[in-house]
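**Q** What follows is a structure written as structure tokens; I'll ask about it next.
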Amino acid sequence: MLSGLQSQHSIHRGQWQVEAKRWLRESVRFLALFVLFLGIAYWKWKSDFLIHYTGTPYQDSHYRKESQEIPGKVQCAYYDSGGEGVAYHDSDAKNNGSGALNPADGTYLNEFRKNEGVDISYTKFHDQIDNSPYDLVTPPENQLYVGWTEPGEWFNITVNVARAGEYTADLLYTSNRGGSISLDVNGKAAAGPITIGSTFNAADPVAWRQWHHWNVAPGLVKLRLPTGKSVLTVHILTGGNMNLAYFDFKTS
């Protein structure tokens with residue numbers, strides 16, 4: 001009798017082991033398929049936008065990079081080439097900085113992208129324009145920036161990300177009235193609304209310099225980015241009258 005019970009016990013244990021192994025194999029197979037499905041869905045989400053996007057990384061005789069690198073400083077003035085409705089949208093076709101505020105005199109900075117609608121200027125250290133005592137930080141001299149911003153405007157920047165993961169970005173900026181922005185990654189909303197604090201200072205006796213009080217907003221942007229090529233879209237949501245120089249991206 002005891003021998004028979006032991007035999008039955010061995011049979012049941014063997015069956016249980018077979019079922020456990022089969023369940024484990026099926027679970028591993030299901031998990032592998034699920035991961036594959038997520039990978040395909042993510043690739044499709046990323047590639048659909050990139051396949052149809054016709055903008056290209058900005059290049060000229062001075063700036064020859066294929067795309068801007070992350071980690072690193074992503075310069076707003078080097079937004080993509082492609083024109084209105086593709087690489088950017090601006091409220092008017094005139095560049096209020098290059099060729100206007102900064103006269104077209106043949107110099108690189110004064111004429112930088114002067115035939116495009118995005119308004120661009122650069123920091124100047126004469127007459128304490130951008131290096132006044134009212135700055136919260138002193139920006140680099142001759143730093144290009146996107147300015148005269150208005151709600152509804154946007155621009156695209158092609159970047160190359162060294163490694164997938166979480167990133168934060170500091171922003172070098174000025175903002176006379178405060179405002180907010182948001183960022184898309186490959187056509188999908190990714191961060192925002194993000195509040196931009198005002199740099200207005202009533203103590204400054206020079207009225208026009210309210211647009212030139214520079215500051216850095218640390219860790220303002222938080223994004224999850226895939227490896228390789230992506231397109232960031234910077235949207236101006238509210239406030240306007242901001243000067244956006246660069247986003248300095250770092251791994252979280």
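Values in this text are rule-based calculations from the coordinates and carry no lab data. Remember, it's a predicted structure, so these values are computed and weren't measured experimentally. Using ideal geometry, Cβ is built from the backbone for each residue, glycine included, and neighbour counts are taken over all protein chains shown.
**Q** I need the calculated FRET efficiency for the pair Tyr108 and Thr227, taking r as the beta carbon distance and R₀ as 30 Å, to the nearest 0.05. Working shown, then result.
**A** Details: r = 34 Å, r/R0 = 1.12.
Working from the Cβ atoms, E equals 0.35.
**Q** Kindly write out, for the range 92-106 in residue order, the coupling ³J(HN,Hα) from the Karplus curve 6.51 cos²θ - 1.76 cosθ + 1.60 (θ = phi - 60°), rounded to whole Hz, with x marking Gly and Pro.
**A** Calculated HN-Hα couplings, in order: 8, 7, 8, 8, 6, x, 5, x, 10, 3, 9, x, 6, 10, x Hz.
**Q** Can you tell me how much longer the chain between Ala162 and Glu69 gets when fully stretched, taken as 0.36 nm per residue apart minus their C-alpha distance, in nm with one decimal? If you can, show how the numbers build up before the last one.
**A** On the way: separation 93, 0.36 × 93 = 33.48 nm, distance 0.75 nm.
Once the chain is fully extended between Ala162 and Glu69, it gains 32.7 nm.
**Q** While we're looking at this one, here's another question. Between helix 2-52 and the chain, what is the angle of the helix's C-alpha long axis to the longest principal axis, kept within 0 to 90° and rounded to the nearest 10?
**A** Approximately 20 degrees, to the nearest 10.
**Q** Stokes-Einstein diffusion coefficient for the range 101-216 at 4 °C in a medium of 1.567 mPa s, Rh from the Kirkwood formula over Cα pairs: what value in µm²/s? Could you put the intermediate results ahead of the total?
**A** On the way: Rh = 16.2 Å.
Calculated translational D: 80 µm²/s.
**Q** Let me ask you something else. Dipole magnitude of the chain about its Cα centre, charges +1 at Lys/Arg Cβ and -1 at Asp/Glu Cβ only, in debye to the nearest 20? Display every interim value, and only then the final one.
**A** Details: 22 positive and 25 negative charges, 348 e Å.
It comes to approximately 1680 debye.
**Q** Here's another thing I want to ask about it. For the range 177-252, I need the span (max minus min coordinate) of the C-alpha atoms along each principal axis, in Å, sorted largest to smallest.
**A** Between the extreme Cα coordinates on each principal axis of the range 177-252 lie 48, 23, 16 Å.
**Q** In whole percent, what relative contact order does the chain give with Cα contacts below 8 Å and a gap of six or more residues? Before the final figure, lay out each step's value.
**A** On the way: 531 pairs, mean separation 56.4, N = 252.
Once normalised by length, the contact order is 22 percent.
**Q** Based on alpha-carbon centroids, what's the gap between the range 141-195 and the range 44-85 in Å, whole number please?
**A** With the range 141-195 and the range 44-85 each reduced to a Cα centre, they are spaced 13 Å.
**Q** Principal axes first, then extents: for the Cα atoms of the chain, list largest minus smallest coordinate on each axis, whole Å, largest first.
**A** Cα spread of the chain along its principal axes, largest to smallest: 106, 40, 28 Å.
**Q** Okay, moving on. Any of Lys188/Lys222; Lys114/Lys222; Lys114/Lys188; Lys94/Lys222; Lys229/Lys250 with alpha carbons more than 26 Å apart? Name them for me. Each step should come with its number before you reach the end.
**A** Numbers: Lys188/Lys222 14 Å; Lys114/Lys222 32 Å; Lys114/Lys188 30 Å; Lys94/Lys222 32 Å; Lys229/Lys250 17 Å.
Beyond 26 Å: Lys114/Lys222; Lys114/Lys188; Lys94/Lys222.
**Q** Sticking with this one: For labels at Lys188 and Ala100 in the simple 7 Å Cα→Cβ model, what's the distance in nm?
**A** If labels sit at Lys188 and Ala100, their model points lie 3.7 nm apart.
**Q** Among Ile194, Ile157, what is the fewest-to-most ranking by other Cβ atoms within 10 Å? Let's see the in-between values first.
**A** On the way: Ile194 18, Ile157 25.
Ascending number of Cβ neighbours within 10 Å: Ile194, Ile157.
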